[in-house]
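Presented below is the structure to which this report refers.
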């Protein structure tokens, strides 16, 4: 029978347990080390990785460095220069403060710290394994710090075994560095893997361009800047137009006092501002920065410091919701979809401000008037000069009844006393999905070469995924080629 007596755990076990809370995956290491570099006043940070961080993570900066006599202390558990007494927890203005990062990382890896402070004539190198200092020697280095983490979880095989595949771990590292790029425009960031640059944001690059680098142009080109201040709380950032949305919340990135956080409070406030403007299952994009007194938030509530508690959540919700809704009132930001008609129809009909766009009509019609949600009325007299309906090759609709289009996104069929509304984009996606799921991948799919190749510009995260799945695209008849760091060329389609 196993001994059930209470005992004190060894230091090694304690360190590994603590490391499990701080170091979950390679991206966690990148986050902790970059935060240390930012707290050290760096204006240039370079991250190099191999095998998505499993083999090597190297973070080099030009910050203030560590004093040679403090290097060994810096690797001890709960050793920090950020706080010194309990009251300091109520006024934290740095990203790190617990003194757990270096100790936790060194306990589950082989770590080398090379650093030089402004007051030192030369640098010092410290090599650690399992949290213990094995080598200490002087080295040549300019002011700053380089930390190399090799063979992460080499002594915790269970943790290493459950790391995700390389593309997933790399994608998460790209996400982590992307958030730092958004939060700190006065710092140059560069992320590389095996001499290939995945992300590069020069110092001084404006926020809109950084959003484009991280989220992609399809989102950033349709975002509007917002700003509001109330009771010493300042909110700034960019939000998407109601016409631009995503199927998930990954386009929502929040920072509180420069720290990336996952906040249901802020996410709910953003969604409330768009509540009646988006389809169900669609979410707006938002990159928001909230600056608030450190005494009004608690950042010491999550092991990875990814969550914060607000003193007055309702006040913040109202601030965010009001700022976003205020931007909708600007004419340049929120406009109705313009009405587009064929020439003959436009010349003989009254002005239509609803955005309704009939494309076709039947040869014979009966008198009717349907009231749509925006107050639109469709009358027989306005349909007199529309072109006849185009015959459908597939029996998606019945052959009788009136068929027309609304807002270039919905097909409406009216028959007798019923009306059917189809999301034409979703229907088209379904047709394509059915086609590709029935493709026999054991046989080559015929491809048609494009007269003019199409260039696809993607985000760094998407580029990682694209490279991984390119063979799958080839088996489906697509011909894609890498065209730079975050671009691909489509040469042929099925």
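The values are calculated or read from the model by the stated rules, or taken from the named source; none is laboratory data. All figures in this text were calculated on a predicted structure; none of them were measured in a lab. So basically every Cβ, Gly included, is an ideal-geometry build from the backbone, and we count neighbours across all protein chains shown.
Out of segment 476-487, which residues are modelled with pLDDT under 80 and either surrounded by 14 or more Cβ atoms within 10 Å (Cβ to Cβ) or in a strand (DSSP E or B) (or both)? Passing the criteria: 476, 483, 486.
Among the residues of segment 31-42, which ones are part of a loop (DSSP other than H, G, I, E, B) and out of contact with any strand residue (DSSP E or B) (no Cβ under 7 Å at 6 or more places or on another chain)?
Pass one, segment 31-42, residues part of a loop (DSSP other than H, G, I, E, B): 40-42.
Selection gives 41 alone.
The single condition from (1) surrounded by fewer than 13 Cβ atoms within 10 Å (Cβ to Cβ); (2) over 24 Å from residue 52 (Cα atoms); (3) without any contact (Cβ under 8 Å) to a residue 40 or more places away in the chain that residue 471 fails is (2).
Yes or no: residue 169 within 16 Å of residue 48 (Cβ to Cβ), touching a residue at least 12 places away in the same chain (Cβ under 8 Å) and either not assigned by TED's automatic domain parsing to the domain that holds residue 38 or not in a strand (DSSP E or B) (or both)? Yes: the conditions hold for residue 169. Exactly one residue out of 161, 192 is out of contact with any helix residue (DSSP H, G or I) (no Cβ under 9 Å at 6 or more places or on another chain) and within 15 Å of residue 47 (Cβ to Cβ): that is 192.
If we scan segment 284-300, do we find a residue that is under 16 Å from residue 246 (Cβ atoms) and in a helix (DSSP H, G or I)? No - not one qualifying residue is present in segment 284-300.
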